[in-house]
Amino acid sequence: MKKTEIEHLFRRYYVDMYRRARALLYDEQESEDVVSDIFENLLHADILPPADDERQLKGYLLAAVRNESLKRIRLKSNRERLLGLYAQEKEEGDAGDKEDQLQQLLSIARQQLSEQELHIFHMRFIDDMSYEAIGTELGISRVAVWKHLSHLVKVIKDKTCDL
């Protein structure tokens, strides 16, 4: 697709796409990122959305928002599981216990991850930076950030299962 066509689609469908993402994610920034990612992918993709019928095109774009939003929700739940790996059945509100769990995860991360992976781990899970912000700071793409995070979560998960 040409850049001008993408711009037209962006102006035409951004609000609907943003609302769909916001309804699923409950996060303004994350919702904006989802919609932006979809248009960025369209700009660089060989696959074109169906442009014959406006309803079909809108359906395609909203389905892409849904899929990307659900993918991000799964990644968020991975983060929650990562932080809960050492959760003990105690009363909620014990802040010291959560800090201990986080320190244990950091200890495992320091032992098992490369320096770059540890840096990405810290940026995402400690500093709570977005994929885009991490990619910008490290000079890599969001996809590369996602791949690093997927790998390091798997490494940590595998290591904690061995304990």
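The values are calculated or read from the model by the stated rules, or taken from the named source; none is laboratory data. Here the structure is a predicted model, which means the values were calculated and not measured. Neighbour counts are summed over all protein chains in view; Cβ atoms, including those assigned to glycine, are modelled from backbone coordinates with ideal geometry. Areas reflect the complete protein model, heavy atoms only, side chains present, ligands, DNA and RNA absent. Shrake-Rupley method; radii C 1.70, N 1.55, O 1.52, S 1.80 Å.
Being more than 25 Å from S141 (Cα to Cα), touching a residue at least 12 places away in the same chain (Cβ under 8 Å) and not small (G, A, S): is that true of D33 here?
On the way: more than 25 Å from S141 (Cα to Cα): no; touching a residue at least 12 places away in the same chain (Cβ under 8 Å): yes; not small (G, A, S): yes.
Taking the combined requirement at face value, the residue does not satisfy it.
From the set of residues in segment 53-96 that are assigned to a loop (DSSP other than H, G, I, E, B) and not charged (D, E, K, R), which is modelled with the highest pLDDT?
As a first pass, look at segment 53-96 and keep what is assigned to a loop (DSSP other than H, G, I, E, B): 53, 84-94.
From the residues that got through so far, the ones that are not charged (D, E, K, R) too are 84-88, 93.
Numbers: G84: 59, L85: 55, Y86: 47, A87: 51, Q88: 40, G93: 48.
Per the criteria, the residue is G84.
Quick one: is D46 surrounded by 11 or more Cβ atoms within 10 Å (Cβ to Cβ) and modelled with pLDDT under 85?
Working: surrounded by 11 or more Cβ atoms within 10 Å (Cβ to Cβ): no; modelled with pLDDT under 85: yes.
No; evaluated as a whole, the condition is false for this residue.
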*Scan of segment 107-163 for residues that are modelled with pLDDT under 85, open to solvent by 60 Å² or more (accessible area, probe 1.4 Å) and not in a helix (DSSP H, G or I), ordered by number*: D127, D128, L163
*Collect the residues in segment 33-43 that are open to solvent by less than 70 Å² (accessible area, probe 1.4 Å) and among the charged types (D, E, K, R), keeping them in residue-number order.*
D33, D37
*Residues that are modelled with pLDDT of 90 or more and either within 14 Å of K71 (Cα to Cα) or crowded, with 16+ Cβ neighbours inside 10 Å (or both), drawn from segment 16-30*: M17, Y18, R20, A21, R22
